[in-house]
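Heads up: the structure comes next, in structure tokens.
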Amino acid sequence: MGTTEGCAMSPDAPDRDDARDNPRAWMRDAVCAEIAGDLWFPERGEGGIDAAVAICRTCPVMEQCREAGQGERFGIWGGITANARTRTGKKTAA
């Protein structure tokens, strides 16, 4: 696999296959791991969100990413922006 340089994720865990030992092992299969740049952290009004979300939709680990991103304040995780995660969190907390 490639680098996670431009990815919203940064898998710091050791290279293991066992998900119990490495709960973020799924990150190795993330499509964003192959794409460098700031695509996953678009500036307000920049317009790159649609491209990032389209890439996320092709990802085999999109659901795991979406779940992992629930507590993140920045970036696109599993095709969901930080603003959308905030709105969703407020709806489910109410």
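Each value in this text was obtained by applying a stated rule to the coordinates, not by laboratory testing. As the structure is a prediction and not an experimental result, all values here were calculated from the model. Methodologically, a virtual Cβ is constructed for each residue, glycine included, from the backbone with ideal geometry; neighbour enumeration extends over all protein chains shown.
Observations
- Spacing of the modelled spin labels on Asp29 and Asp50, each 7 Å from Cα toward Cβ, amounts to 3.0 nm.
- Along the range 49-64 the Karplus relation, 6.51 cos²θ - 1.76 cosθ + 1.60 evaluated at θ = phi - 60°, assigns HN-Hα couplings of 4, 4, 5, 5, 5, 4, 5, 4, 5, 8, 7, x, 10, 4, 5, 5 Hz to successive residues, with x for each Gly and Pro.
- Backbone amide hydrogens, once placed in the peptide plane, bring Val61 within less than 5 Å of Val31, excluding anything fewer than 5 places away on its chain.
- Computed label-point distance, nm, for sites Arg57 and Asn83 using a 7 Å Cα→Cβ extension: 1.9 nm
- Close amide H partners of Ile80, meaning residues 5 or more places away or on another chain with modelled amide H under 5 Å apart, do not exist here.
- Distance between modelled label sites at Ala36 and Glu67, nm, 7 Å Cα→Cβ extension: 3.2 nm
- Whole-Hz ³J(HN,Hα) from phi, Karplus 6.51 cos²θ - 1.76 cosθ + 1.60, for the range 35-42, glycine and proline x: 10, 8, x, 9, 3, 7, 10, x
- Neighbourhood charge, 15 Å Cβ-Cβ cut-off, centred on Thr58 and excluding it, Lys, Arg +1 and Asp, Glu -1: -2
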